[in-house]
Structure formats: C-alpha cells, structure tokens
Amino acid sequence: MQRKLRVAAYAVCVRDEQILLARSPGPDGTPEWVLPGGGMDHGEDPYDTVRREVAEETGYRIEVTGLLGVDSLRLVGHPRVGRRTDHHGLRLVYAGEVVGGELRYEVGGSTDLAAWQDLSVVPDLNRVPLIDIALRLWRERPANGRLAAGDLP
C-alpha cells in the first residue's frame, strides 16, 4: 500500500457575516465548495502557502491574523485517494483578513470559482467537511487548536 503525507494550509476569511470560499470539482465531478488554500510546496513555510493559495484561487491578498488550529485526516483505501493508498492529510487552518486584490476566478488550477457565501447558507452548500471543521475552529478558538474528537463532523 502506498503511503502519502500531504501538508496543506487554508484560510478562514469572514467579513460582514460572509465567508470566502472557492469551488472545486469533487471526486465524481460534482462541484463542491472548499476553503481557499492548498498544498505546501517542498521547503515552503505554511504561512506563505496560505497567502499564495488564497491569491491564486481568489485574487485576494490576505493578512494572516492567527492560527486557528490543525486538523489531521487519514483516508485508507478511500475512493478520493485510491484504493491502494494510505493518505494522511495535515491541514493548518488560519484566520485571514483580505487586505488587497480583487475577487477573480482561478484559471487552470484546482478551483474554478471564488465567492463570498453567507454564513447562514453554508449548511446548505455542497461542501467538503473541512469547511465545518474550520468554522468551528474560527468560532470556538480552542486554546489547543484542536476540536474534541467526538465532536468532529
């Protein structure tokens, strides 16, 4: 079985009761909403990763205002990563504030749309579970940066 570790950094940008999200094709091709962010390049600092990824996917420049937490996800033999793969994702979740740029869509990347979504409609969106985890981290701000295991979506 092939083992993979992926480290990624994501931003929770909220203003005026709206969250900045990007849209990506899901494993079956159905679009799903994701947090702006993504995989760290080798040797890259995660702080730089989240700023780069948000700019690539949304057109915005952000200031990182805090580390909300770390989420660890393991998928073994999962359709999303392949039946013969043991995938471990380590996801750093930051709070961010838009400080410049203009909203635009990514061209030729992993997302095809970026938009501000009302926080009230997030539960109705076709979204990845990380959005729910990140919003809980943003709301609760646990001192240890981790949600209780029994409370995860």
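The values are calculated or read from the model by the stated rules, or taken from the named source; none is laboratory data. Keep in mind that this is a model prediction, so the values were computed, not measured. FYI the Cβ positions are ideal-geometry reconstructions off the backbone, even for glycines, and counts take in every protein chain you see. Just the protein is used for accessible areas: all its heavy atoms, side chains included, with ligands, DNA and RNA removed. Shrake-Rupley method; radii C 1.70, N 1.55, O 1.52, S 1.80 Å.
Where both partners of a DSSP beta bridge lie in the chain, what percent of those bridges are antiparallel, to the nearest 5?
Antiparallel: roughly 70 percent of the beta bridges in the chain.
With labels modelled as points extended 7 Å from the Cα through the Cβ direction, what inter-label distance (nm, one decimal) is found for Val107 paired with Val70?
Between Val107 and Val70, the label points sit 3.8 nm apart.
Please give the residues of segment 39-80, grouped as numeric ranges, whose backbone N is less than 16 Å from a label point set 7 Å along the Cα-to-Cβ vector of Leu125.
So the set is 54-55, 57-60.
Given a 1.4 Å probe, how much area per residue of segment 1-140 is accessible, in Å²?
Value returned for segment 1-140: 54 Å² of accessible area per residue.
Report, to the nearest whole %, how much of the accessible area of segment 44-135 belongs to carbon and sulfur atoms, 1.4 Å probe, protein only.
Numbers: 2340 of 4770 Å².
Here it works out to 49 percent.
Apply the Karplus parameterisation 6.51 cos²θ - 1.76 cosθ + 1.60, with θ equal to phi minus 60°, to every residue of segment 32-45 and state each ³J(HN,Hα) to the nearest whole Hz, in sequence, with x for glycine and proline.
Karplus-based 3J(HN,Hα) across segment 32-45 equals 9, 7, 9, 6, x, x, x, x, 7, 6, 4, x, 7, 6 Hz.
Once R0 is set to 30 Å, what does the formula 1/(1 + (r/R0)^6) return for the Cβ-Cβ distance between Glu63 and Lys4, expressed as a FRET efficiency to the nearest 0.05?
0.45
Roughly how far apart, in whole Å, are the Cα centres of segment 90-153 and segment 44-64?
So the two Cα centres are separated by 14 Å.
Taking all pairs of distinct Cα atoms, average 1/r, flip it, and tell me the Kirkwood hydrodynamic radius of segment 1-129 in Å to one decimal place.
It is 15.2 Å.
List, largest first, the extents of the alpha carbons of segment 58-131 along their principal axes, each in whole Å.
Principal-axis extents of segment 58-131 (Cα, largest first): 42, 28, 27 Å.
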